[in-house]
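Below is one structure; the comments refer to it alone.
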Amino acid sequence: MKKVITYGTYDLLHQGHINLLRRAKELGDYLIVGVTNDNFDRERGKLNVCNNVLERVEAVKATGLADKIIIEDYFGQKIDDIQKYDVDIFAIGSDWEGKFDYLNEYCKVVYLPRTEGISSTMLREEKQTIIKVGITGCGNIARRFVPEAAFVNGIEIAGAHDSNPAALKEFTATNGLKNAYGSFDALLEDVDAVYIATPHLSHYSLAKQALLAKKHVLCEIPLVLEEEQAQELYALAEQQGVILMEAHKTAHCPAFNHLMVMIKSGAIGEVVDIEASLSRLLPDKTRREFDPAQAGGSMYESAVYPLLPIFKLLGTDYQKLNIYSRMENGVDIYTKGVMRYPTAVCSFKLGLGVKTEGNLVISGTKGYAYVEAPWWKTDYFELRFEDQHKNKKFFYKWDGEGLRYEIQEWMSCIVNKRHESSRLYRKESIAMARVMQQFTQRKNFEKI
Ligand code: CTP
């Protein structure tokens, strides 16, 4: 029996794919089709694939041409597959001419004629609606947003607004944006969606104003500092038929999400303890981060990061949270939180004037997960066990500033009218605001 193997993404399956599969099948008696996994596609820079891997597998199956369908997960897998399945011919479209000659060492390589005039990219572009986005707040984070948005299809940055005209002028000029809006109202009138990157205390009113104007909102962390405000904004977004998302970059990080699903699938047994830390030493004490009038301090600045793995793995119904802070000039330069759950205990450490080891350790009944600093930009983690032979290391790629993942998910929610993303459920974002509110109200709080 002559075995043929071919690979592809097969997004929005089209006639070109079907012709290719038929030609490949005709080369032998048994056709194996490798469909790329979502994570693998993302690593290859394919951020805009419309169908997920299951839908793509179903589409290939429906052609009736594949005798076996496998998932392509990693770079280098083709050689493994060819050997494992004892493949005779590797076939691929002529757009890849020459690129797979290295496989000749393992089997015959055939480049098949490609069907002219059709591709997934073309179909995606035809389907695509362009979302016009305006940025408010031209600080450091917005500076990173513009180049990252360039990796995502279907988004156009229309312009920006900032209360400081000089900062606005400089920002629009350096980023090549055509509009420097004179007011937030003027920005809202011209766009479909807003990215809010202003200081914390302005988030609530700006987001509310944008939602009332039926604009989608991506708001920097922390969304708001009060539980009721968060609830109100999410309800308002749904009522207005627009998408509100908190710009929590770790929640959209592919490696972090893989860690979460592995632990939820029982990789380290039942989770009993989570310790997560994050600290930054900022020598310039005149910055906004140290100003109590602008919600400075380590809690408001970074609590959403350690709360993410805690809420993802243990839920938002913690029984008790004790907060201990070192205060300096009205802001917490260090905060430690201890959270009790019915069958687990967690702690987080946040520093702005104190340095800690910034790692994440998730302990379970069968082993533990160790993610070294900076775990909030996860690109590597280890699962460790009593029997060290069972330890496993996982490596990933964190592309650029990583904001492209959250922008892509926001766009996907807008286009598909999904009010909630499983990457950060609304109740998780609301619970983060609840924690900050408890801190503001100094409940179960002690100074150290
Ligand atoms: N293919 C083809 N003719 C086309 C499009 C694709 O023969 N018009 C072949 C490719 O050469 C490859 C297989 O179909 O062997 C799967 O390709 P894939 O990358 O999934 O499809 P594209 O439409 O090329 O996708 P994209 O536009 O995202 O690159």
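Can you pull out the residues in segment 311-347 that are over 28 Å from ASP291 (Cα atoms), of a type in the set (A, V, I, L, M) and touching a Phe, Trp or Tyr at 6+ places or on another chain (Cβ under 8 Å)?
Across segment 311-347, the qualifying residue is only LEU314.
Across segment 190-231, which residue is surrounded by the fewest Cβ atoms within 10 Å (Cβ to Cβ) among those that are touching a strand residue (DSSP E or B) at 6+ places or on another chain (Cβ under 7 Å), among the acidic types (Asp, Glu) and not in a helix (DSSP H, G or I)?
ASP192
Just to be sure, is ILE362 in contact with a Leu (Cβ under 9 Å, 6 or more places away or on another chain) and outside any loop (DSSP other than H, G, I, E, B)?
Considered against the rule, which asks whether it is in contact with a Leu (Cβ under 9 Å, 6 or more places away or on another chain) and outside any loop (DSSP other than H, G, I, E, B), ILE362 comes out as yes.
Can we say TYR234 is hydroxyl-bearing (Ser, Thr, Tyr), assigned to a strand (DSSP E or B), buried (at least 19 other Cβ atoms within 10 Å of the Cβ) and in contact (Cβ under 8 Å) with a residue 40 or more places away in the chain?
Taking the combined requirement at face value, the residue does not satisfy it.
Test GLY269 against the stated conditions and say whether it is touching a residue at least 40 places away in the same chain (Cβ under 8 Å), more than 23 Å from ILE430 (Cα to Cα) and among the small types (Gly, Ala, Ser).
Criteria met by GLY269.
Since LYS61 meets every condition but one in (1) of a type outside the set (Val, Ile, Thr); (2) more than 32 Å from the chain's Cα centre (by Cα); (3) at pLDDT 95 or above, which condition does it not meet?
(2)
For segment 351-363, give me each residue that is touching a Lys or Arg at 6+ places or on another chain (Cβ under 8 Å) and surrounded by 19 or more Cβ atoms within 10 Å (Cβ to Cβ).
GLY351, LEU352, GLY353
Go through segment 337-372 and give me each residue that's without any contact (Cβ under 8 Å) to a residue 40 or more places away in the chain and more than 19 Å from ASP317 (Cα to Cα).
Hits for segment 337-372 are TYR370, GLU372.
If you check ASN175, ASN153, which single one turns out to be touching a residue at least 12 places away in the same chain (Cβ under 8 Å), surrounded by 12 or more Cβ atoms within 10 Å (Cβ to Cβ) and away from the ligand (no atom under 16 Å from the Cβ)?
Just one listed residue meets the conditions, ASN175.
Contact list please: Cβ distance under 8 Å, first residue in segment 85-113 and on the phi > 0 side of the Ramachandran plot and in contact (Cβ under 8 Å) with a residue 40 or more places away in the chain, second residue more than 9 Å from the ligand (Cβ to nearest atom) and of a type outside the set (Val, Ile, Thr), pairs at least six apart or on different chains.
ASP86/LYS3
Specify the residue that is farthest from ILE89 (Cα to Cα); the eligible residues are those in segment 99-123 that are near the ligand (Cβ under 7 Å from one of its atoms), crowded, with 17+ Cβ neighbours inside 10 Å and not polar (S, T, N, Q).
Ranking the candidates gives ARG114 first.
For the condition closer than 30 Å to HIS252 by Cα and within 13 Å of the ligand (Cβ to nearest atom), what is the one hit in LEU20, LEU12?
LEU12
Report whether or not ILE268 is in a loop (DSSP other than H, G, I, E, B) and in contact with a Gly (Cβ under 8 Å, 6 or more places away or on another chain).
Judged against the criteria, ILE268 is a match.
The values are calculated or read from the model by the stated rules, or taken from the named source; none is laboratory data. Bear in mind that the values here come from a model prediction, so they are computed numbers and not experimental data. Neighbour counts are summed over all protein chains in view; Cβ atoms, including those assigned to glycine, are modelled from backbone coordinates with ideal geometry.
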